Amino acid sequence: MKNNNNNKFYVTTPIYYVNSKPHLGTLYSTLLADVTARWNKLCGKDVFFLTGTDEHGQKLQEAAQKVGMAPKEFVDSMIPFFKDVWKRYELEYDKFIRTTDPEHEKAVIYWLKKLQDKGDIYKSTYSGWYCIPCERYETESTVLKDDDGNYICPVCKRELKEHSEESYFFRLSAYENQLLDFYEKKPNFIIPKEKINEVISFVKSGLHDLSISRKKVKWGIPFPGDEEHTVYVWGDALNNYISAIGYGQDTPQAKKKFEHWWPANLHIMAKDILRFHAVYWPAFLMAAGLPLPKRMLVHGYILTDSGKMSKSLGNVVDPIILADWYGVEQVRYYLVRQMPITQDGHFSLKDLENRISGDLANNLGNLLNRTLSLALSNGLKEVNVPESFEADSLVLRDRCEEAFRSFWDEMDHCHYHIALSDLFNFISQVNAFFHEHQPWVVVKKDKVFFEEIISAVCHSLYAIAVMLWPIMPKKMEELLKCLGYRIDLYSNYEDELRKNIWNKKFVLNKTKEPLFVKPESRLEVEDTEKKEEKVEDNFISIDDFAKIQMHVGQILECDLVEGSDKLYKLIVDLGEVGKRQIMAGVAQFLKQEDLIGKKGVYVTNLKPRKMMGLMSQGMMLFAKDQKGNMQMVTVSGDIDNGTRLS
Ligand code: MSP
């Protein structure tokens, strides 16, 4: 632990519920944290990476009951699944916190006592619409309704039950102004930036005090002063971020540790739990008189292909099977490169295989293989620094510098997929340089120039390997070894790569196996029956398409629905189809004046449904732009209202 607090980086993942095994989604969050941790280490920072598990609550109690185990026995039995997958994927966390750890329980009680002393906790009765699977109450303004008018959970879409019970409350409402003030001062608190507006409008719509205890749930931390109650989920879970680094412990070492690491530099999570992290958590910390975390990275969901894919190919999205099939680091690369970090991304085996073949085997792997083979077969093992570089090599050197600068910027903003996309463009440029200069011809007539070409490529490969190390550490260590180097953490590569001085000598070594090979395709399903099923899965017939009626329409009126900050009520002129009332949940992204008068595309034969009590007689089409904002799908003004799309 170095002493300089500015040079530290504390990154966290959500703590995962242990009632299901880790999957691609939870792997993704943890991988992003690992990449962040490694990247910061490369930049010379002192890093602490925390992950762990959320083990209390009704859901866990029920899951344990189902399998006839005591809750603690059950949660203990689930931990190896997480630790094994994280280990396999080289996720090098510094601590794995469990909410059943005694030091966590102690910290939660310490925190609650502080709040009690301050007068921020009181006892009352809570009644609301409760979702058992999600363990949370929904308010009238957040519930959804199904076709029969029953209240359903906005997250899991299951039916809500009405509940009334005695509970302890945290005075969340008292922190409204302080929170708004904080968001105003820290507009970059959340990545992506736009998400802060969602949070601000939630807080502005009025905060209710938060129920933080349960009488019904026995599997939890006993509430201080009233052991009939247990601490309710978020008051327990969120505190893991401080309990893991010594909060609430008496020893001087624990106090020192806490002061060193807190506040966290980055909390990583998907959008499902943004509100808890961006509203409740800062308020909890304000109440305890603690500094607030510096930033939050809110990523999208990984969506799997049409459910059938996993049906026909078994548990293909099991991270362990993917690692067996394709290699751990190939999957790491794919996840970071393919998923547009702040938006939802689609997982597909085809994309995964294409990325490995195209980016890793063809682009990067071949560049390394060709360079090494050509140099070594011509007796060039030690590549010296050329006396001077020719103009073309200098152009490549400039490109290498640009590549690093843009990689750095994107990594710094946590736009990891863009950083990789830019970097692979640079790898293509190095390949182009290699081909244009035809070193296999040059070697026959000009050994000096030959060595210069190889040196320029090696310098580029060196920078590439360092940049890719956080994503594919072992493979990049192998690559560096081929050039005669080793990764040296904490040596501040930022400085070195920014200066981009090409003054390295390389000692070349061939790998036993190529660094990356094209993967054997797993897309082929053995028997034709499955093949046919798969074809049907991926395509629809023209008759299927014809069932969906889409028409061009023009928005005549647009009003925000009372009590909602998202939903617009539109009156749309659909020509011969008539005028329709259509609801669209895009108020965060588009102003009324952006919509009124515009022509768009509408699905007109969807079964009408009620949204916030108002009937929607169709669906308007939108698409997300690169920043994650919804934009209207428009048509040119020459197309008449009511024209059917075909
Ligand atoms: N226990 C709470 C979190 C408490 S944090 C103080 C919880 N646990 S969870 O097991 O449901 O994990 C939710 C998190 O898992 C998401 O926020 C996200 O980080 C990750 N993901 C779960 N499914 C995912 C996808 N399909 N795609 C991307 N991330 C996913 O909520």
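The values are calculated or read from the model by the stated rules, or taken from the named source; none is laboratory data. Not measured: the values here are computed from a predicted model. Cβ sites come from the backbone with ideal geometry, for glycine too, and all protein chains shown count toward neighbours. Heads up: the accessible areas ignore ligands, DNA and RNA and are worked out on the full protein's heavy atoms, side chains in. Shrake-Rupley method; radii C 1.70, N 1.55, O 1.52, S 1.80 Å.
Odds and ends about this structure:
- Zone of residue 87's modelled label, taken as backbone nitrogen in region 316-350 under 17 Å from a point 7 Å along Cα→Cβ: 319-321, 323-324, 328
- Charge dipole (the chain, unit charges on Cβ, about Cα centre) - positive-most of 555, 57, 224: 224
- Here residue 381 is the anchor, and the aspartates and glutamates within straight C-alpha reach of less than 14 Å, apart from those fewer than 8 places off in the same chain, are 451, 452.
- Point-to-point label distance, residue 521-residue 164, nm (Cα→Cβ direction, 7 Å offset): 6.3 nm
- Which listed pairs, of 21/106; 8/59; 257/481, have C-alpha distances above 32 Å, in listed order: 8/59; 257/481
- Straight-distance candidates among the lysines for linking to residue 610, with alpha-carbon spacing under 17 Å and chain neighbours fewer than 8 residues away dropped: 145, 157, 566, 569.
- Of the solvent-accessible surface of the chain, computed with a 1.4 Å probe and all protein chains present, 49% belongs to carbon and sulfur.
- Each Cα pair under 8 Å and six or more residues apart adds its sequence gap; the mean of these over the residue count of region 285-437 is a relative contact order of 25 percent.
- Beta bridges per DSSP, both residues in the chain: antiparallel share near 70 percent.
- The alpha carbon radius of gyration of region 1-68, expressed as a multiple of 2.2 N^0.38 Å, is 1.48.
- Between the beta carbons of residue 62 and residue 557, assuming R0 = 45 Å, the FRET efficiency works out to 0.40 to the nearest 0.05.
- Computed from label points 7 Å out along Cα-Cβ, the spacing between residue 94 and residue 132 is 4.2 nm.
- Residues of type aspartates and glutamates that residue 512 reaches as a straight line, Cα spacing below 15 Å, ignoring anything fewer than 8 places off in the same chain: 477, 478
- Cross-link table 41/83; 66/294; 66/161; 66/607, entries beyond 30 Å C-alpha to C-alpha: 66/294; 66/607
- Between region 587-607 and region 473-521, the C-alpha centres lie 51 angstrom from each other.
- Across the chain, the relative contact order, built from alpha-carbon pairs under 8 Å that are at least six residues apart, equals 12 percent.
- Where labels lie 7 Å past Cα in the beta-carbon direction, separation of residue 124 and residue 204 in nm: 2.5 nm
- Cα-based helix-to-principal-axis angle, 366-377 vs the chain, degrees rounded to 10: 20 degrees
- Mean residue ellipticity, 222 nm, helices only, the chain: the sum of -39500 (n - 2.57) across DSSP H runs of n ≥ 4, divided by residue count and rounded to 500, is -12500 deg cm²/dmol.
- Rounded FRET efficiency, nearest 0.05, which uses the C-beta distance separating residue 624 from residue 184 and R0 of 35 Å: 0.85
- DSSP finds beta bridges in region 1-137, and of those with both partners inside it, around 15 percent are antiparallel.
- Computed E for residue 197/residue 384 - FRET, C-beta separation, R0 41 angstrom, nearest 0.05: 0.15
- Taken as Cα centroids, region 130-165 and region 241-302 sit 29 Å apart, rounded to the nearest whole angstrom.
- Accessible solvent surface per residue of region 571-646, calculated while the other protein chains remain in place, 1.4 angstrom probe, Å²: 58 Å²
- Placing unit charges on the Cβ atoms of the charged side chains and taking the dipole of the chain about its Cα centre, the candidate lying farthest along the positive direction among 149, 391, 127 is 391.
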